[in-house]
Amino acid sequence: MATLKEISNLTGLSSATVSRILNNDSTLSVKDETKRKVLEVAEKIGYKISSKINLQEQINFLALFNYSEELEFNDPYYLSIRFAIEEECKILDINLDKIYNSNIGSVEKKYDGILCIGQFNDIQIKKIQKISSNIIFIDSCNNKEFDCITADLKEISECIVDFFIQCNYKKIGYIGGRDFENILDEREEAFIKYSLLKKVVDEDNFYVGDFSSSSGYNLAKTMIDNNNLPDALFIANDSIAIGVLKALNENKIEIPNKIAIISINDIPASSFTYPALSTIKIHSDLMGKEAVRILKDKIESNRTMPLKITVPFSLILRETTKNTL
């Protein structure tokens, strides 16, 4: 028996678009040539049109997480993205499959759309394109050909440096992480350029590992052993910052009197650290929710122009900064 998926494969269109054409959906904007092609293929393979098809049930999304479930479990930032994606898919009645560690090779079927969470390299992206042409990147914008929704990490980094400058800090250090060893993280790159421009970077206190608390702890211990602390420290995310705070507290280094700290994400634990962590709040749940809607809209409208969406952020000042401008 002929199926929508067969027509989708033969025409290169998504199952949702094919279904809407076959059911004469007046809200769908596609070329007459495209409609004619779908109808011809449907007739050729003997597909029978049913007036009872639920269009939304035909939509199948795949969420590709470029990290492990363990990392997500320990990082509420990524957890909130996943929860928002799952909740929005339920609301819109979209089928959702999930794969961690970007195990693209395990994918055995086509999908109407793919949500890519995290950083992906060019080789991975080419493999993803073989699964679906409808792709959106969440928390990264490393390819201008595709839709993406993210925070403006460059603007966030500059906001943190500006705050430290306004507080009259002269030497600003950095502790961060990288997804790929030889590729600078966007926060890292923005910090280097902007702090050099403002002449406040402390090059002796620049440390990069991964994005875990254990990495932050070990890097901070190295920084302390070097016995040359900066006035202020920009930390790439709250998870790293938790490890840094542990190392500083163990060595009885006063925060913020001896060293001020600002990180990024505002995970729930950041308000319960000692001292409470000053951080940038990024609305990660909004990323997940809107990504699902944008991808669904792309499929249904047949849009080809890529969109780039940035979510808002705000500086949350707590006890790791003096907060006196």
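The values are calculated or read from the model by the stated rules, or taken from the named source; none is laboratory data. Since we're looking at a predicted model, the values are computed, not measured. Positions of Cβ are backbone-derived with ideal geometry, glycine not excepted, and every protein chain shown enters the neighbour counts. To get the accessible areas, we keep the full protein, side chains included, count just its heavy atoms, and leave off ligands, DNA and RNA. Shrake-Rupley method; radii C 1.70, N 1.55, O 1.52, S 1.80 Å.
Observations on the model:
- Ellipsoid semi-axes in whole angstrom, largest first, where each is sqrt(5λ) of the Cα gyration tensor of the range 152-256: 20, 17, 12
- Around VAL200: net Lys/Arg minus Asp/Glu count, Cβ-Cβ under 15 Å: -1
- Dimensionless Rg/Rh of the range 1-49 - Kirkwood Rh, Rg from C-alpha atoms: 0.91
- When Cα extents along the principal axes in Å is computed from the coordinates, the matching label among (i) 68, 42, 33; (ii) 77, 33, 32; (iii) 75, 50, 42 is (ii).
- Spacing of the modelled spin labels on ASP25 and GLU181, each 7 Å from Cα toward Cβ, amounts to 4.7 nm.
- For the range 1-145: relative contact order, % (alpha-carbon pairs under 8 angstrom, 6 or more apart): 23 percent
- The chain, helix-only ellipticity at 222 nm - DSSP H runs n ≥ 4, -39,500 (n - 2.57), divided by all residues, nearest 500: -12500 deg cm²/dmol
- Charge-dipole axis of the range 216-325 as Lys and Arg at +1 and Asp and Glu at -1 on Cβ define it, positive-most pick from PHE234, THR304, SER314: THR304
- Karplus (6.51, -1.76, 1.60) ³J(HN,Hα), θ = phi - 60°, over the range 299-313, in Hz, Gly and Pro reported as x: 5, 6, 9, 6, 5, 10, 6, x, 10, 10, 10, 10, 8, x, 9
- The residue list LEU248, ASN101, PHE61 was ranked by how far each Cα lies along the charge dipole of the chain toward its positive end, using unit charges on Cβ atoms, and PHE61 comes out on top.
- Accessible surface ranking that places the most exposed of GLU186, GLU254, GLU72 first, with a 1.4 angstrom probe: GLU254, GLU186, GLU72
- Applied to the range 220-226, the Karplus parametrisation 6.51 cos²θ - 1.76 cosθ + 1.60 on θ = phi - 60° returns per-residue 3J(HN,Hα) values of 5, 4, 5, 4, 5, 4, 6 Hz, with x for Gly and Pro.
- Long-range amide H partners of PHE206 with built H, under 5 Å: TYR174
- Gain in span if fully extended, ALA276 to CYS167, counting 0.36 nm per residue against the direct Cα distance: 37.4 nm
- Estimated distance in nm for a label pair at VAL311 and ILE99, the labels positioned 7 Å out from Cα along Cα-to-Cβ: 2.4 nm
- Principal axis extents of the Cα atoms in the range 83-241, from largest to smallest and rounded to whole angstrom, are 55, 29, 28.
- Surface calculation, 1.4 Å probe, protein heavy atoms: THR304 sits at approximately 120 Å² accessible.
- Each label point was placed 7 Å from the Cα along the Cα-to-Cβ direction; for ASN257 and GLN129 their separation is 5.8 nm.
- Sorted into 5 angstrom bins from 0, the C-alpha pair distances of the range 199-294 split as 3, 13, 23, 24, 17, 8, 5, 4, 2, 1, 0 percent.
- In order through the range 133-148: 3J(HN,Hα) via Karplus (6.51 cos²θ - 1.76 cosθ + 1.60), integer Hz, x for Gly, Pro: 8, 9, 9, 9, 9, 10, 6, 6, 9, 8, 8, 6, 7, 10, 4, 8
- Descending semi-axes in whole angstrom, ellipsoid equivalent of the range 270-325, from the Cα gyration tensor: 37, 12, 5
- Less than 5 angstrom separates the built amide H of ILE316 from those of THR279, ILE280, LYS281, all sequence-distant by 5 or more or on a different chain.
- Between the amide H of VAL311 and those of THR150, ALA151, ASP152, distances stay under 5 Å, these residues lying 5 or more places away or on another chain, with hydrogens modeled in the peptide plane.
- Mean separation of Cα pairs under 8 Å and 6 or more residues apart, divided by the residue count, gives the chain a relative contact order of 18 percent.
- By the equivalent-ellipsoid construction on the alpha carbon gyration tensor, the range 109-148 comes out with semi-axes of 15, 11, 8 Å, ordered largest to smallest.
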